[in-house]
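K.L.:
This is the structure I have questions about; it appears just below.
The values are calculated or read from the model by the stated rules, or taken from the named source; none is laboratory data. Since we're looking at a predicted model, the values are computed, not measured. Cβ coordinates were reconstructed from backbone atoms using ideal geometry, including for glycine residues, and neighbour counts include every protein chain displayed. Surface accessibility is based on the protein's heavy atoms, side chains included, excluding ligands, DNA and RNA. Shrake-Rupley method; radii C 1.70, N 1.55, O 1.52, S 1.80 Å.
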Amino acid sequence: MEEPGNSKYDDTLLLEQFGYKQELKRSFSLLSMCGFCFAILSCWTALGGSLVEAMNAGGPVALVWGWIIVCAFSLMVALSLAELASAYPVAGGQYSWVLILCRGTKWGKGLSYATAFIQLAGLICMGSTALYQFGSFACGLGVLNSDGETWEPKDWQVVLICWALCLVCLVINIFINKMLHHISKFALWWTIGGFIVCTVTILAVSKYKQDASFVFTGYINNSGWNNNGMAVFFLQNAAYGMCCYDAPCHMGEEMENASRDIARAVVLSVVVGFVTGFAFVLALLFCIRDLDTVAATATGVPLLEIFFQSTNNSKAGASCLLVIIMVCQFLASNGLLTEGSRSVYAFARDGAFPYQINKYMGTVNSNYDVPICALIFCAVLQCAFIAIYFGSSTAFFTVISIATVGLYVSYLVPIIVVMFRRKLKTAGYYNLGRWGLWVNAPAALFLIYTSVCFFFPTALPITGDNMNYTIAAFAVCAILGLLSWFLGGRHTYGTLTESEFLEGVRDEPVVEIVEQKR
């Protein structure tokens, strides 16, 4: 990263160059932002939660080698996003970059608007999946400690636990907002410390170990697809585990030295996520004793069954390890609500919603220094997605696919735009320079491939219970986006920023603009 002398970017002045006023408080440092991002990313817990699906669709080969492949390409995506975040540290993140890079074009606003809707769908759905994991883990603990005979969790109990957690996160985000950077620092140490405790414990305590050939070359295909078709699913579960590393991009207006440190937080989170995820997956694979029992566990939580087997059937030991992960899920849920609300706030600030909605969603409460309406909006939508679980667990699991695809597509669009409009990109602290295309192109191809894969049915033959409804859900999002656009968004979206961009932002390095302004 380039650092001109010892000077710092004046992020407030830089924000003014893009037509925005500094309203949110800058309280996050690099350390606290790394904690915020890694708590949301939490690769090792995400991989543990989707272990059985991966084992049925490729087995250890897909988990180990698929994770390495996904992380290698994800690093390229992270480098691409880091470059854009360094140049444009605004809360909107991906959709804002598209709006800035495409200024002056006839299609720029429409493309940015579509990116924003996809981005919001991904963030809100990801928040719902984090809530769901917490709720299902809590019920799994109840089953384990009641021997699976006296109590069987109902769907409504899972949903109520999720709603309660969402309410707690909402209260924290509104009334304890000034402590978020401290909570994020705690999240960093808890998530990394929890990873160490869980990994070391199961490796040290487990009396049974799988051999290395199973861990590194074992192949399982219970999906109904032939071996050629399995290529579609080889990276799916790993892709879900390596997602949400754009979190610092939406917190740029609340971070000190944002132009420099957002990029560092994004890249560091992917690197740390790869190391922790890889080590945890290896530990789980070495310690799995009975895969059939894990898949059919009465707790409904395969990871809990692995802990139970690894701790030599100790309920207390397995419960303690899962509680560590549940705290991680709580921290992730809290961070995803924060991140999602900042995207909604930025979108409304750009005049995206029809009627008077922008007035409420795009306002920061002066007493609490947070966009309260945007927070409530995100919380309500997360709870609405969780409520799908009442009717159909299969339909709800589509939310997981929407979360991953939505975020991956939102990463893809600005990367493709910057590939073709690189000469119009303002330079920041962090700049790929002549290596830009060599990083952007593989990143874009990876995002396209993995996004398409999530639309395929995960098992054959296709039935109502295993149908992939992701394409239908995306169609609903597209219809809602079009309605919002034609009901007023097309007249108000980007009008403020368009006029001020053309006057204020020039194709010069940001540091030069800031120094001239001074």
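K.L.:
According to the square roots a ≥ b ≥ c of the eigenvalues of the Cα gyration tensor, what is the shape class of region 25-493, taking rounded for a/c under 1.5, prolate for a/b larger than b/c otherwise, and oblate for the remainder?
P.N.:
Note, shape of region 25-493 comes out prolate.
K.L.:
Could I ask something else about it? Could you tell me the center-to-center distance, by alpha carbons, between region 46-94 and region 364-388 in angstrom?
P.N.:
27
K.L.:
Also, quick follow-up: Taking θ = phi - 60°, what integer Hz values does the Karplus form 6.51 cos²θ - 1.76 cosθ + 1.60 yield along region 370-381, in sequence order, with x for Gly and Pro?
P.N.:
Computed from phi, the couplings for region 370-381 are 9, x, 4, 4, 5, 4, 5, 4, 5, 4, 5, 5 Hz.
K.L.:
Another one. Taking the 0 to 90 degree range and rounding to the nearest ten, how far is the long axis of helix 30-41 tilted relative to the main principal axis of the chain, both from C-alpha atoms?
P.N.:
Once rounded, the angle reads 50 degrees.
K.L.:
To continue, here is another question. Give, rounded to the nearest 20 debye, the magnitude of the charge dipole that region 308-461 has about its Cα centre when Lys and Arg contribute +1 at Cβ and Asp and Glu contribute -1 at Cβ.
P.N.:
Here the size comes out at about 520 debye.
K.L.:
As I understand it, the value is the acute angle between the Cα axis of helix 393-420 and the longest principal axis of the Cα atoms of the chain; what does it come to in degrees, rounded to 10?
P.N.:
Between helix and principal axis, roughly 40 degrees.
K.L.:
Determine the dipole magnitude for the chain: charges of +1 sit on the beta-carbon of Lys and Arg, -1 on that of Asp and Glu, nothing else is charged, the reference point is the Cα centre, and the result goes in debye to the nearest 20.
P.N.:
620
K.L.:
Now for a different question. Quick check on packing: order 54-67, 187-200, 473-486, 110-123 by the mean number of other C-beta atoms within 10 Å, highest mean leading.
P.N.:
Highest-to-lowest ranking by the protection proxy: 110-123, 54-67, 187-200, 473-486.
K.L.:
Please name whichever of Ala116, Gln236, Val200 sits farthest to the positive end of the charge dipole of the chain, dipole taken about the Cα centre and charges placed at Cβ: Lys and Arg +1, Asp and Glu -1.
P.N.:
Ala116
K.L.:
For each pair in Lys109/Lys359; Lys109/Lys178; Lys185/Lys359; Lys25/Lys185; Lys209/Lys315; Lys25/Lys106, compute the distance between the two Cα atoms and list the pairs where it is over 28 Å.
P.N.:
Lys109/Lys178; Lys185/Lys359; Lys25/Lys106
K.L.:
Also: Which whole-Hz couplings ³J(HN,Hα) result when phi for each residue of region 310-326 is put into the Karplus expression 6.51 cos²θ - 1.76 cosθ + 1.60, θ = phi - 60°, listed in order with x for Gly and Pro?
P.N.:
5, 8, 6, 6, 9, 5, 5, x, 5, 5, 4, 5, 5, 4, 4, 6, 5
K.L.:
Indicate the gyration tensor shape class of region 85-127 (rounded, prolate or oblate), computed on the Cα atoms with a ≥ b ≥ c the square roots of the eigenvalues: a/c under 1.5 is rounded; otherwise a/b larger than b/c is prolate and the rest oblate.
P.N.:
Oblate.
K.L.:
Between Phe28 and residues 5 or more places away or on another chain, which pairs have amide H atoms under 5 Å apart, with H built 1.01 Å from N, and which residues are they?
P.N.:
Sorted by chain and number, the residues that satisfy this are Met255, Glu256.
K.L.:
Roughly how many percent of the accessible protein surface of region 245-289 is carbon and sulfur, given a 1.4 Å probe and a whole-percent answer?
P.N.:
72
K.L.:
Then there is this: Can you give the relative contact order of region 25-493 as a percent, counting alpha carbon pairs under 8 Å and 6+ residues apart?
P.N.:
Relative CO of region 25-493 lands at 33 percent.
K.L.:
Treating the angle as unsigned and between 0 and 90°, give the value, to the nearest 10°, between the Cα long axis of helix 108-144 and the longest Cα principal axis of the chain.
P.N.:
Taking Cα atoms only, the helix is inclined about 30 degrees.
K.L.:
Return the calculated 222 nm mean residue ellipticity for the chain, to the nearest 500 deg cm²/dmol, obtained by summing -39500 (n - 2.57) across DSSP H runs with n ≥ 4 and dividing by the residue count.
P.N.:
-22000 deg cm²/dmol
K.L.:
Measure off, as a whole percent, the carbon and sulfur share of the 1.4 Å-probe accessible area of region 65-123, all protein chains present.
P.N.:
About 79 percent, which is the carbon plus sulfur part of the accessible surface.
K.L.:
May I pose another question? Enter the accessible area per residue of region 25-493 (Å², integer; probe 1.4 Å; all protein chains in place).
P.N.:
I get 36 Å² per residue for this part.
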